[in-house]
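The values are calculated or read from the model by the stated rules, or taken from the named source; none is laboratory data. As the structure is a computational prediction, the values presented were derived from the model and not from experiment. For neighbour counting, all protein chains shown are included, and Cβ atoms are generated from backbone atoms with ideal geometry for every residue, glycine included.
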Amino acid sequence: MNVRAKIPVEDDVTHFLRSDQKPDGHRLEDLLIQLRGDVIHRCNLIASDHRPEALQVLANNVKILGLLSEAVDLAFDSTRVLDRAFGPSQTTHGGPPRIGKADAA
């Protein structure tokens, strides 16, 4: 059975990431790095549990860590592309977004 939590999604607001409406938000790469650290911590807690369920969860988490590491690399690459093309983001100082359109007020 594949059960996923229902998380309400609001299309016009970011919840974690920096945006016009959330200038104190986080950079994607910072969130991914923190999440990766949390998964590593979880892996350390179950590493000595040799029951089949724990081994399966650990194997899944190791795969997730690989995907998170790829995502971190991609997020850093996007930041480098934007910095090189447009300079540092000025949205935290009221400037416009470097690409795309501004958040709806």
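Quick notes on this structure:
- Test: residue in the range 78-85 that is closer than 30 Å to residue 43 by Cα and part of a helix (DSSP H, G or I): yes
- In the range 75-99, the residue that is surrounded by the most Cβ atoms within 10 Å (Cβ to Cβ) out of those that are touching a helix residue (DSSP H, G or I) at 6+ places or on another chain (Cβ under 9 Å) and hydrophobic (A, V, I, L, M, F, W, C) is 75.
- Selection over the range 21-54 of residues that are in a loop (DSSP other than H, G, I, E, B) and under 18 Å from the mean Cα position of the chain (by Cα) gives a count of 5.
- Long-range neighbours under 7 Å by Cβ, at least six apart or interchain, first residue modelled with pLDDT of 95 or more within the range 58-77, second not in a helix (DSSP H, G or I): 58/47
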